[in-house]
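Okay, structure first, notes after.
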Amino acid sequence: MKPAKIRFKGFEWEHNPETLSVINEDNINEYKLLSGISVTVKNSSKCRVVKGRGKLAGYDCLDKFNELLKLRSDSESGILTLPRQKPFYAFFKKLELLCEPCEDVITYSFEFVEDSKRNYTVDEKIYHRVESGETLWDIAYSYSKDINVLVELNPQIIRPDELASGSRVRIC
């Protein structure tokens, strides 16, 4: 089975980053009452923050980094797909070059922030473009989906073990 890959707006990481953290946090405030008693209140959840660090390698690593820079400069949110997570809309907040680029290796870090308005107000269909040799089981694993859910969402698929390269599979 192929390992799950990170994807954002058509860019797919060839190799997942060395580190990846998904931060889910709540807004919790403490209020002091006139009586001297403190009350802790959970107001709401903050947007998810995704941070990571990795390397781009190969003769075209600088081209890949520049492609990420171009994506980062776009002010619109896009669908972010992470291993073992449901895809969600996010803004590409930060991309940092961590060392001088060698001839064929670049070390970088990145940060995405969830676009809470799009994730809670829009119910959009998300599709995956099939790569050569992929099966429906590979795709289900990549998106942490039950295979039966993908079968129901894609009645056009006759053989889950033989998908046409370039075809689209509905994820949700």
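Coordinate-derived values only; no laboratory data. All of these numbers come straight from a predicted model, not from anything done at the bench. Don't worry about glycine lacking a Cβ; one is built from the backbone with ideal geometry, like all the others, and counts go over all protein chains shown.
In a reduced charge model with +1 at each Lys and Arg Cβ and -1 at each Asp and Glu Cβ, the chain shows a dipole moment near 620 debye about its Cα centre. Determine the alpha carbon to alpha carbon distance for each of 64/117; 46/117; 70/117; 55/145; 51/86; 117/145 and list only those over 20 Å. In this structure, 64/117; 70/117; 55/145; 117/145 lie more than 20 Å apart at Cα.
For the chain, the longest principal axis of the alpha carbon atoms and the long axis of helix 61-73 meet at an angle near 50°.
Arrange the following residues from fewest to most other Cβ atoms within 10 Å of their Cβ: 172, 47, 102. Working shown, then result.
Values: 172 14, 47 17, 102 11.
Lowest count first: 102, 172, 47.
Please report 157, 147, 6 as a ranked list, fewest other C-beta atoms within 10 angstrom at the top and most at the bottom.
On the way: 157 18, 147 14, 6 22.
Fewest-to-most Cβ neighbours within 10 Å comes out as 147, 157, 6.
Sequence gap at least 6, Cα distance under 8 Å: using those rules, report the relative contact order of the chain to the nearest whole percent. Taking the mean separation of contacting Cα pairs over the length of the chain, I get 21 percent.
Along the chain, the longest continuous region that contains none of the GluC sites (Glu not before Pro) in a DSSP loop with at most 14 other C-beta atoms within 10 Å is 26-75.
With the charge dipole of the chain set up from +1 on Lys and Arg Cβ and -1 on Asp and Glu Cβ about the Cα centre, the Cα lying farthest toward the positive end among the listed residues 82, 133, 15 is that of 82. Taking the square roots of five times each eigenvalue of the Cα gyration tensor of segment 33-172, the equivalent ellipsoid has semi-axes of 33, 28, 13 Å, listed largest first.
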